[in-house]
Amino acid sequence: MKQTQDHCNKPGLTPIEDALQYLLETISVLTETEAIPLSEAHGRVLAADVISPINVPPHDNSAMDGYALHHLSDVTQPVEIVATVLAGHPYTEALAQGKAVRIMTGAPIPQGASAVVMQEDAQRTGDSVVFAAGVALNEGMNIRRAGEDIRKLVTILPAGRRLRVADCGLLASIGIATVTVVRRLRVALVTTGDELQPPGTPLLPGNIYESNSFTLTPMLQRLGVELITMPAVADDLMALRAAFTQADEQADVVITSGGVSVGEADLTRTVLEELGQLNFWKLAIKPGKPFAFGRLPSSWFIGLPGNPVSALVTLHQLALPLLRTMAGETLAKPLRFNATTLTDLRKSPGRTDYQRAIAKPNEKGQLVVATTGAQGSGVLSSMSQANCYIVLEKERGRVTAGETVTVEVFDEWLA
């Protein structure tokens, strides 16, 4: 049997901040990379800085439809139009003072032109144009300069960034067709318990439908991992050993739900202690006090609580940052705001409480929040109805309606 450190037997509870810091300092970050087409890059994590090989825009161009001319031209008199310039079709001659070209948005600015007058301030008659009284030509007026968006040889996206929708367009705008990213993280998800039945089957006496994999899987899929979904495993020593061994051989991280509660004499914990070095914690959070983390022969191990809300909250608050860091992503702090609670909040000092809630602006535009009702760790509807957590500090007690609380908005992982 490998060494097991049981934090559950230590006095007090582990603050979530300490637990998260320990997780992120302990795991190893993936170093394997792959080059993929830009069309497949959305949601992947950059393995290297992206440096622009060009200016964007690559040349001075018109910011609007109008007329390009020399800023020293006399706009009180009709100006001759010598050409029409469209995007992708540059005017190759130098534009003389007192001459103009009809120009469209995005079209290259001709040599010699230094300002564009919008078409709303111009009246064309044949091959000449007259400008509205009071129009002043200022150097650079209505011109987008080369490199105004992106300068050549500047880092535009850093390593560790998870590529967003606009990022993919940005890469295309500098001509990037292939992107070097961190390889996908391989995650095995295992649910355990004799009482679990798959949805769509008749519910037997004393059993419950297995729902944890259906709440945990979408978040992992959104993360873009290579997900290895194991069939639900009964509480049988040989079956559990075989399932965990198979998961460990295939995955970088093995995640289980259930079997890590304090005081449980269950087979899950027995098998995991046989296979690896594990830490069992009592976390100072609610919901989600029981939590396990450790190392199996070929993978890292995360043991989530069995109650649905507890499993989802600990996956979101602890396991997800670990997985994102392991996948090479640079993390940002969660988005939090102050809000006024519209409801009393039951709370005892000692644990950070993640109450599920709905936040919205009131008639004055101020952010207010109310819980979704019952906050039990098995009340999955409390998460389904919510758009945020009310995060109540560890030492805080009961909260009265009208007090200020911290709201953490649900991010894309919970959407």
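The values are calculated or read from the model by the stated rules, or taken from the named source; none is laboratory data. Bear in mind the structure is a predicted one, so any value in this text is a computation, not a measurement. Glycine also receives a Cβ, built like all others from the backbone with ideal geometry; neighbour counts cover every protein chain displayed. Just the protein is used for accessible areas: all its heavy atoms, side chains included, with ligands, DNA and RNA removed. Shrake-Rupley method; radii C 1.70, N 1.55, O 1.52, S 1.80 Å.
Starting from the Cα-Cα distance between E40 and E393, subtract it from 0.36 nm times their residue separation and give me the gain in nm to one decimal. Don't skip to the end; give the middle numbers.
Working: separation 353, 0.36 × 353 = 127.08 nm, distance 4.10 nm.
Additional length available on full extension: 123.0 nm.
Taking a 1.4 Å probe, which of L204, L20 shows the most accessible area, and what order do the others take after it?
Working: L204 100, L20 45 Å².
The most accessible residue leads, giving L204, L20.
Please work out the average accessible area per residue across the chain, using the 1.4 Å probe convention, and give it in Å².
On the way: 19800 Å² over 415 residues.
Each residue of the chain exposes 48 Å² on average to a 1.4 Å probe.
For S381 and K364, calculate 0.36 nm times their separation in residues minus their Cα-Cα distance, and state this gained length in nm to one decimal. Kindly include the intermediate steps, with their values, before the conclusion.
Details: separation 17, 0.36 × 17 = 6.12 nm, distance 2.94 nm.
Going from the current span to full extension adds 3.2 nm.
Could you sort the peptides 242-253, 158-169 by per-residue average Cβ neighbour count (10 Å cutoff), highest mean leading? Present the calculation step by step, with values, prior to reporting the outcome.
Working: 242-253: 19.9, 158-169: 15.2.
Going by the mean number of other Cβ atoms within 10 Å, highest first, we get 242-253, 158-169.
Determine Rg/Rh for region 313-415; Rg is computed over alpha-carbon atoms and Rh is the Kirkwood hydrodynamic estimate from the same atoms. Let's see the in-between values first.
On the way: Rg = 14.2 Å, Rh = 14.4 Å.
With Rh from the inverse mean 1/r over Cα pairs, Rg/Rh is 0.98.
Would you work out which of L163, L185, F291 lies farthest towards the positive end of the dipole of the chain, given +1 charges on the beta-carbon of Lys and Arg and -1 on that of Asp and Glu, about the Cα centre?
F291
Mind ordering 122-129, 268-275, 207-214 by average Cβ neighbours within 10 Å, highest first?
Descending mean neighbour count gives 268-275, 207-214, 122-129.
With labels modelled as points extended 7 Å from the Cα through the Cβ direction, what inter-label distance (nm, one decimal) is found for D344 paired with L72?
8.1 nm
On the accessible surface of region 1-144, probed at 1.4 Å, how many percent belong to carbon and sulfur atoms?
Values: 3960 of 7830 Å².
Heavy-atom surface of region 1-144 belonging to carbon and sulfur, 1.4 Å probe: 51 percent.
If you roll a 1.4 Å probe over region 292-415 with all protein chains in place, what percent of the accessible area is carbon or sulfur? It would help to have the intermediate numbers written out before the result.
On the way: 2720 of 5340 Å².
Ligands and nucleic acids excluded, carbon and sulfur reach 51 percent.
Calculate how many DSSP beta bridges within the chain are antiparallel, expressed in % of all such bridges and rounded to the nearest 5. Don't jump to the answer; show the numbers that get you there.
On the way: 58 of 88 bridges.
Counting only bridges with both partners in the chain, antiparallel ones make up about 65 percent.
How about K282: which aspartates and glutamates have a C-alpha closer than 16 Å to its C-alpha, ignoring those fewer than 8 places off in the same chain?
By straight Cα distance, K282 reaches D6, E17, D18, E264, D353.
Dipole magnitude of region 212-366 about its Cα centre, charges +1 at Lys/Arg Cβ and -1 at Asp/Glu Cβ only, in debye to the nearest 20?
On the way: 16 positive and 14 negative charges, 204 e Å.
The dipole magnitude comes to about 980 debye.
Determine the order of S298, S114 by accessible area, beginning with the largest, at a probe radius of 1.4 Å. If you can, show how the numbers build up before the last one.
Working: S298 70, S114 10 Å².
Result, largest first: S298, S114.
Pop out the Kirkwood hydrodynamic radius of the chain from its pairwise C-alpha distances, inverse of mean 1/r, in Å to one decimal. Don't jump to the answer; show the numbers that get you there.
Working: mean 1/r = 0.0388 Å⁻¹.
Final number for the Kirkwood radius of the chain is 25.8 Å.
Could you size up the charge dipole of the chain around its Cα centre, putting +1 on the beta carbon of Lys and Arg and -1 on that of Asp and Glu, and report it in debye to the nearest 20? List each step's numbers first, then the result.
Numbers: 35 positive and 43 negative charges, 147 e Å.
Magnitude of the dipole: close to 700 debye.
Given Cα positions, please report Rg to Rh for region 23-150, the hydrodynamic radius being the Kirkwood one.
Numbers: Rg = 22.2 Å, Rh = 17.2 Å.
Value, to two decimals: 1.29.
State the percent of C-alpha pairs, over all pairs in region 89-185, separated by a distance greater than 23 angstrom. Display every interim value, and only then the final one.
Details: 2194 of 4656 pairs.
The proportion of pairs with Cα distances above 23 Å equals 47 percent.
Quick one: among K360, K289, K333, which has the greatest mean-square fluctuation in a GNM of the chain with alpha-carbon springs under 10 angstrom?
Per the Cα network of the chain with a 10 Å cutoff, K333 tops the list.
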